Each structure stands twice: as structure tokens, then as C-alpha cells.
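Accompanying notes for the structure given below.
Derivation of every value follows stated rules applied to the coordinates shown; laboratory data play no part. This one's a predicted model, so the numbers in the text were calculated from it and none came from an experiment. So basically every Cβ, Gly included, is an ideal-geometry build from the backbone, and we count neighbours across all protein chains shown.
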Amino acid sequence: MKLGVITTSYPRFPGDAAGNFVAGHVGALRALGHEVEVIAAGPPDHPAGDALRRVGGARLFYRGGAPDALERAPVRAGALAAVFTARLAAAVIARAPRWDAVIAHWLVPSAIAALPSGKPLVAIAHGGDLFTLRRLHLLRPVLGALHRRQAHLVFVSEALRAIARTAAPALGPWLEAATVSPMGVDLARFAALARAPSDPPIVLVAARLVPIKGVDVAIAAMPYVRRAARLVIAGDGPERARLTAAPGAQVWLGEVTTLRRDELLRTASVVVVPSRIMPNGRTEGTPAIALEALAAGVPVIASAVGGLRDLPGVRLVPPEDPCALGHAIDQLLASPPSPASLRAAVARFDWREVAPRLVRE
């Protein structure tokens, strides 16, 4: 099949971690024999080619991410989003005659831009898109438009499908037919990383520096860790200035490439995903770093929120509880599970298993 993949986030250069899971999805589709063209956010100087087209929007969709930008500056970010959506839809309409089907990562703006294509549509909800639509009172009409279009929905967690059910109860049978699955992970690639935990142990947080990621909770947890350990924070975003001013010994790496991330996973003793529930109810879908860490054989401690609650092999702690997080870090440092058991826990999320479920003919 000839597939069009529509996304707001896609690697801007070799090794870019932004949108890396979308690139993984595209690679898995191509491995299945599909011909894939990607339309993604990013200025013209970002690498593109016959199979990748850029349509602007980099200021909105990279670094902090659009949902946070819309919360911080709704008027300015909303105007940028409207212009980008129009440009994205125009690009889709121009290219769609070449495709047999369309896959849209994020309901808004990608799935909205794909509506006029006339092709079978798979629309994937990752979390921020769903909560943004709900906050703007647009979730029900957007779901209705996708239902009329006979799109197949994919939710990366059951919690997200529950939100859609609440917003549009009349669409219950259609929502029940949706696929619920985290995005995949290249299990062989991460399993091949030779584990070499450092001494003293590294507690790794790899995330965008935005409030929902709860990086401040990880910082506050370290005084409760009795064992000597270093907190390493790999990421960038609008919260960096505030977070770096917090007391406590941390190593800040800024935004990292996939190569640097792999090296961190090799040397980390535990990965922490301290996500929170925001005051407006927004929470995580299923962060890719949790799957990647487990596939690499690294223990994961995560807040019991969103799709993180459903991941096997994850040690869950209450959100916003630095004491519980610190004690969990201590316990996993003292008695870590075997890497083999962690990899086995996420075996069913290998892209070779997930990708075939995300194609509609």
C-alpha cells in the first residue's frame, strides 16, 4: 500500500529525538512492505526529500510542545495552530491522490487536516491532543467528524478512550471498536544496548521540561534516596530556568540525540517518569521513554497516571509524592529486576507486532 503519514513531530535531523516514535512507526510500516510518505511540521531547512515534506510549524510543535504552548499563550499559539492546520490540510489534499490510506498522529491538527483526503483514515490519539480538544470544548465535534468519516481510532491508553466515551457517549459502539495500544518500540535495537550501570548509580529523567512531566517531583525526591545516586535530567523546554534554580544536585544535559539517549539508557540504573495530573485534568498518554527503558532492560518507576498505569513491568508510585518516589528509587537500586524480565514484559509492544494493527486498508 501507499500510505500518507501526517504528523506534527518528526525528527529534524539524524538522531533527533523529537517525534522519534513516529519515525519508528514509519520504519516499521516500510519493513512491512508499504510505501510511506510523511508530511510533518518543520521549516524547509529541516531535512526532507521525496518521502518527507515539511510544512512549517516548528515554533509550535517542538521543544515545549503545542498543548503547553496553547495553555501558556492561547491567542498567539491558537493563531499559529490555525495557520499551520490550513497549510497541513493543503499539503494533504495535494498529495492524497497518490495514497491508498492515511495515518494521522494526533487528532488535532493531523487527523483534522486528513479529513478532506477521502482516503481510509487511521487517527491516533496520544493524549495532549485529546485534552486540548476537551479544554476547547471541541472534543465531541471532532470525534463526531471522525465518526462520520468512518475513521479508525487508536488510543495509546485505555484512559484516553474513557475520556472520549465521556465526551461522546452516543458514539460508544464506534469507540469500542477503536484500537487501544501504546506506540511500538524497536525491541531488538534497545535489547542490543550493552548494560553498563555507572557507579554511583544514575537516576535518569528524560523528558520535555514542561509541567506535566513532573521533573520537579523527581528533584524533590532525591533527598529521600539514602543511597548515593546522581539525578540526570535529559531534556529541554520552557520550564528549564525554573527547574535549574531548584536546590539539589542534578546533572542537566539539555535536549539529547537518540545516540546520547541510548548511552544514558546503557548507564542508568533506573528511569523515572514522574508525570502528574494537571489542574485541568490533563495527564500523560504513554511516554515512549518508559517503553524504551524497559526494552533496554532498565527498571522504570512512574506515576500512576494515564497510560503509565497499564504498562507491565513498571513500578508505580502516587503522583506528586516525592517521598514515595524516593523510597521506590532506593528499593529498586537495592534490588533491581533482571533486564530479561523487563524486556519480556514489553515484548508484545515490539513494532513488528504493533504496526500491522495500525493500518487500515
**Report entry** Protection-proxy order for peptides 12-19, 121-128, each taking the mean of Cβ atoms within 10 Å per residue, highest first
**Finding:** 121-128, 12-19
Query raised in the report: Using a basic spin-label model with each label point 7 Å from the Cα along Cα→Cβ, how many nm lie between H137 and T179?
Result: 3.5 nm
Requested in this report: Give the angle, between 0 and 90 degrees and rounded to the nearest 10, that separates the Cα long axis of helix 158-167 from the longest principal axis of the Cα atoms of the chain.
Outcome: 50 degrees
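Within 10 Å of each residue's Cβ, count the other Cβ atoms and sort K2, K119 from fewest upward.
K2, K119
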**Report entry** Length added when fully stretched, D310-L259, from 0.36 nm per residue minus Cα-Cα
**Finding:** 15.6 nm
Query raised in the report: How many percent of DSSP beta bridges within the chain run antiparallel, rounded to 5?
Result: 5 percent
Query raised in the report: In whole Å, what is the distance between the alpha-carbon centres of region 161-231 and region 303-317?
Result: 8 Å
Report summary line: Inter-part gap, Cα centre of region 238-277 to Cα centre of region 87-120, in whole angstrom, is 35 Å
Query raised in the report: Can you list residues whose amide H is under 5 Å from G42's amide H, if they're 5+ apart or on another chain and H is modeled 1.01 Å from N?
Result: V55, G56, G57, A58
Query - Relative packing of 162-171, 316-325, which averages over residues the other C-beta atoms within 10 Å, highest first - result: 316-325, 162-171
Report task. Enumerate the calculated ³J(HN,Hα) couplings along region 220-233 in order (Karplus 6.51 cos²θ - 1.76 cosθ + 1.60, θ = phi - 60°), each rounded to whole Hz, writing x wherever the residue is Gly or Pro. Result -> 5, 7, 4, x, 8, 8, 6, 6, 5, 7, 10, 8, 10, 10
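Charges at C-beta only: +1 for Lys and Arg, -1 for Asp and Glu. How large is the resulting dipole of the chain about its Cα centre, in Debye rounded to 20?
It works out to roughly 580 debye.
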Report summary line: Here the gain from full extension of A94 to Q150, 0.36 nm per residue of separation minus their alpha-carbon distance, amounts to 18.0 nm
Query - Length added when fully stretched, A194-A241, from 0.36 nm per residue minus Cα-Cα - result: 13.5 nm
Query raised in the report: Non-local amide H neighbours of V185 (under 5 Å, H modeled in plane, Pro and chain starts lacking H): which ones?
Result: D350, W351
Query - Amide proton proximity set for L231, modelled H, under 5 Å, gap of 5+ - result: V203, V251
Query - Sequence ranges 144-157, 183-196, ranked by mean other-Cβ count within 10 angstrom, highest first - result: 144-157, 183-196
Requested in this report: Return one number: the angle in degrees, 0 to 90 and rounded to the nearest 10, between the long axis of the Cα atoms of helix 20-31 and the longest principal axis of the Cα atoms of the chain.
Outcome: 60 degrees
Requested in this report: Please give the helix 322-334 orientation as an angle from the longest Cα principal axis of the chain, in degrees from 0 to 90, rounded to the nearest 10.
Outcome: 70 degrees
Report task. With runs of 4+ DSSP H residues as the only contributors, calculate the mean residue ellipticity of the chain at 222 nm using -39,500 (n - 2.57) per run, divided by the residue total and rounded to the nearest 500. Result -> -10500 deg cm²/dmol
